[in-house]
Amino acid sequence: MKKIRTNLLLLMTTAVSSTFAASQPRIHFEVSFKEPQAHYVEITMKIENFQRDFIDVKMPVWTPGSYLVREYAKNVEGLEAFDEQGASLATKKLNKNTWRIDSKKKRSLTVQYRVYGFEVSVRTNFIDDSHAFLSPAGTFLYIDGLLDLPTEVTILPHSSWSKISTGLTPVEGKPGTYHAANFDILFDSPIEIGNQDIFTFEAAGVLHEIAMVGGGNYDKARLKEDCAAIVERATQIFGVNPNKRYVFIVHNYQSGGGGLEHLNSTVLGATRNGYQNERSYIGFLGLVAHEYFHLWHVKRLRPLELGPFDYEAENYTTALWIMEGFTAYFDNLLLRRCGFLNENNYLQALSNDINTIENRAGNQIQSAASASFDAWIKYYRPDENSANTSISYYNKGALLAMMLDLKILAATNGEKRLDDVLKAAYQTFYVDKKRGFEEHEFQTLIEQVAGTSVADIFEAAHTTGSLDYNRYLNAVGYEVIDYNDGRELPDLGISTSIVDGRVVVTAVSRSSSAWNDGINVRDEIIAINGERLDVHGKELNRVLQTAAIGDMLQVLIARDGRIRELSVTLMKDNRGSFSIVPLVDATPEQQRLGKIWLSVP
């Protein structure tokens with residue numbers, strides 16, 4: 001059973017005293033790097049004032065914000081324990097992530113272990129000779145049942161490194177030492193150690209640090225100005241910025257992306273030389289907006305199930321369509337409000353979400369709420385059939401958020417919108433009630449703000465199939481049109497890639513020609529209608545361009561080393577080409593509401 005704990009969402013100060021109560025259990029970590037080139041970090045955990053016959057220490061199996069059991073304990077090795085005199089204490093591994101220490105009621109003991117880290121991502125450790133990125137949930141052990149204990153972390157950088165970037169609170173008078181009020185905060189505070197390029201800016205009354213790792217062709221002045229604009233616009237939505245300091249840790253790669261939110265920091269992946277490409281740069285700003293928005297929406301305003309956390313098992317919720325979906329809606333909306341996207345760019349971004357959802361067979365199989373609940377086994381574990389069985393709660397959640405925003409605008413004659421809902425929800429649940437919300441409570445709050453029912457949209461979140469976009473878009477003078485409506489084109493229903501000069505099937509769409517007549521993923525397509533495919537697969541495109549619906553193709557394939565010929569009847573391509581466009585006959589009132597929706601305040 002998950003133990004009831006105090007809420008992790010505590011206000012953090014810029015500096016704290018290093019003095020603990022004498023009788024209170026104390027935990028102090030020391031982090032060092034003897035062999036960074038071999039991808040190891042050395043951890044010493046000192047436990048004081050905790051006299052028990054034995055102590056069970058555990059490693060989390062996942063990290064909040066990334067809904068997958070990652071089995072961090074697999075990277076732990078060489079765990080040993082010692083008493084105050086340096087004598088060894090017996091240890092025994094109880095399960096995959098728990099070690100029992102025969103502490104013999106010792107007042108003080110030390111646990112030492114090493115952690116391997118060489119996975120490039122925003123939620124796993126990476127250590128090499130140039131820097132170390134530590135994801136705390138995959139680095140620091142905790143005492144079973146004592147996640148509420150405060151802790152200190154002292155970081156001893158490798159001799160070739162000189163900088164530390166983290167959202168943890170520095171301890172006065174102890175360089176390189178940081179404090180966390182509890183393990184929830186520790187696990188939510190990633191650490192970058194190396195020679196990163198650090199620069200700062202102030203926005204919304206908050207000091208922001210940007211730590212650039214890996215170089216890049218970024219323009220510091222432009223980044224500071226543009227990130228500050230995003231911070232100010234996001235803060236306007238909620239009316240308050242709860243942090244005194246915020247850290248962006250940016251990992252620049254040859255080709256990179258992705259991000260992970262934290263309470264007062266974020267970790268972003270970016271393309272090292274993509275900052276001077278306008279499209280790539282705007283994409284990076286969208287990532288900044290997305291992860292920054294999360295400091296309110298997920299990290300503080302959250303579903304009841306997402307905190308306090310059980311770090312040893314999946315934490316299920318049906319509300320990721322609200323948390324990630326709404327954030328995915330507001331990231332582009334913030335770019336629009338900052339002037340980084342013009343009206344056409346913004347509508348195209350929404351249209352892209354519509355095309356992604358409506359052209360995915362899984363939209364008929366999985367709802368946004370189910371996608372949220374099954375994130376642990378589906379979204380983070382995609383396979384060749386994922387497009388046929390699942391959707392993204394990001395895309396569909398963003399479209400549901402759009403529908404809510406437009407319905408609120410129409411119901412209040414443009415006086416209120418989804419911004420007002422989030423501001424009220426933040427105040428109600430985070431500030432006043434100091435707990436997460438249940439989904440029905442969130443729906444009720446929306447209806448109170450809007451003065452109208454939104455049961456239709458919440459029902460849509462829990463059912464499969466297409467959304468009625470125009471029911472909401474028409475109210476603000478826009479509509480979705482399908483440019484493929486009325487077109488009769490054949491489609492084989494496969495995706496392919498070139499593997500060692502061979503055309504190999506990588507996906508088969510549900511109910512398509514290939515699906516019905518037996519083409520499989522991993523089949524090599526050798527020839528069609530007796531014509532050998534070239535190494536680029538151009539022959540396949542030529543056949544489809546000259547064929548008609550109902551034509552039968554003879555497809556020669558290789559499967560598991562055997563040659564087969566399949567007869568495949570071409571079916572109609574049912575994919576749409578959707579776009580949001582202005583209503584031709586929009587009324588003045590519809591146009592007025594549309595301007596409010598898309599305006600740059």
- Task: Report the accessible area of residue 40, computed with a 1.4 Å probe over the heavy atoms of all protein chains in place, in Å² rounded to the nearest 10.
- Result: 40
- Message: Can you tell me, using C-alpha contacts under 8 Å and at least 6 residues apart, the relative contact order of the stretch 206-256 as a whole percent?
- Response: 73
- Item | For the stretch 278-425, the fraction of alpha-carbon pairs in successive 10 Å shells from zero, as % | 11, 36, 37, 14, 1
- Message: Could you put 417, 510 in order of accessible surface area, largest first, with the 1.4 Å probe and the full protein assembly present?
- Response: 510, 417
- Of the convex hull drawn through the C-alpha atoms of the stretch 153-215, the volume per residue in Å³ is 114
- Item | Modelled FRET efficiency - R0 41 Å, residue 219 with residue 24, Cβ distances, 0.05 increments | 0.25
- Provide the gained length on full extension for the span residue 541 to residue 116, in nm with one decimal, where the gain is 0.36 nm per separating residue minus the Cα-Cα distance. 148.3 nm
- How much mean residue ellipticity at 222 nm does the chain get from its helices, if each DSSP H run of length 4 or more adds -39500 (n - 2.57) and you divide by all residues, to the nearest 500 deg cm²/dmol? -8000 deg cm²/dmol
- If you project the alpha carbons of the stretch 95-231 onto their three principal axes, what span does each projection cover, largest first, in Å? 58, 33, 29
- Accessible area of residue 105 in the full protein assembly, 1.4 Å probe (Å², nearest 10): 110
- Message: Nearest 10 degrees is fine. How inclined is helix 343-358 to the longest principal axis of the chain, computing both from alpha carbons?
- Response: 80
- Between residue 343 and residue 49, what length comes free when the chain is fully extended (0.36 nm per residue of separation minus the Cα-Cα distance, one decimal in nm)? 99.7 nm
- Excluding same-chain residues fewer than 8 positions from residue 93, which lysines have a Cα within less than 16 Å of its Cα? 58, 74
- Query: What net charge is computed for the residues neighbouring residue 131, neighbours being all others with C-beta under 10 Å from the C-beta of residue 131, Lys and Arg scored +1, Asp and Glu -1?
  - Reply: -2
- What length, rounded to one decimal in nm, is gained on full extension from residue 198 through to residue 144, with 0.36 nm per residue of separation minus their alpha-carbon distance? 15.8 nm
- Query: With a ≥ b ≥ c the root eigenvalues of the C-alpha gyration tensor of the stretch 248-356, is it rounded (a/c under 1.5), prolate (a/b larger than b/c) or oblate?
  - Reply: oblate
- Query: Counting Lys +1, Arg +1, Asp -1, Glu -1, what net charge surrounds residue 339 among other residues with beta carbon under 13 Å of its beta carbon?
  - Reply: -1
- With a cut-off of 18 Å, note down the residues of the stretch 292-316 whose backbone N falls inside the zone around a label point 7 Å from the Cα of residue 98 toward its beta carbon. 309-315
- Take the alpha carbon atoms of the stretch 220-246, find their center, do the same for the stretch 161-211, and report the distance between the two centers in whole angstrom. 17
- Query: In what order, largest first, do 377, 549 sit by accessible area if the probe radius is 1.4 Å?
  - Reply: 377, 549
- Query: R0 = 45 Å: FRET efficiency of residue 520 with residue 253, Cβ-based, nearest 0.05?
  - Reply: 0.85
- Sequence of 261, 589 when ordered by accessible area, the most exposed leading, probe 1.4 angstrom: 589, 261
- Task: Evaluate the relative contact order of the stretch 357-417 (contact order divided by residue number), counting alpha-carbon pairs under 8 angstrom at least 6 apart; express in whole percent.
- Result: 35
- Note on the structure: Residues other than residue 445 with Cβ under 13 Å of its Cβ, Lys/Arg counted +1 and Asp/Glu -1, net out at -3
- Taking every C-alpha to C-alpha distance in the chain and binning by 10 Å from 0, the per-bin percentages run 3, 15, 23, 23, 18, 12, 5, 1, 0
- Note on the structure: Note: probe point = Cα of residue 376 + 7 Å toward Cβ; backbone nitrogen < 14 Å; residues of the stretch 62-98 passing the test are 62-71
- Query: Any idea of residue 565's accessible area? Nearest 10 Å², probe 1.4 Å.
  - Reply: 120
- Task: Hey, could you get me the Stokes-Einstein D for the stretch 48-117, Kirkwood radius over alpha-carbon pairs, 10 °C and 1.306 mPa s, rounded to whole µm² s⁻¹?
- Result: 121
- How high is the relative contact order of the chain, given as a whole-number percent (alpha carbon pairs under 8 Å, six or more residues apart)? 10
- Note on the structure: Within the stretch 337-357, the residues whose backbone N lies under 12 Å from a label point placed 7 Å from the Cα of residue 276 along the Cα-to-Cβ direction are none
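The values are calculated or read from the model by the stated rules, or taken from the named source; none is laboratory data. Values in this document were obtained by computation on a predicted structure and should not be read as measured data. Cβ coordinates were reconstructed from backbone atoms using ideal geometry, including for glycine residues, and neighbour counts include every protein chain displayed. SASA here: full protein model, heavy atoms, side chains in, ligands and nucleic acids out. Shrake-Rupley method; radii C 1.70, N 1.55, O 1.52, S 1.80 Å.
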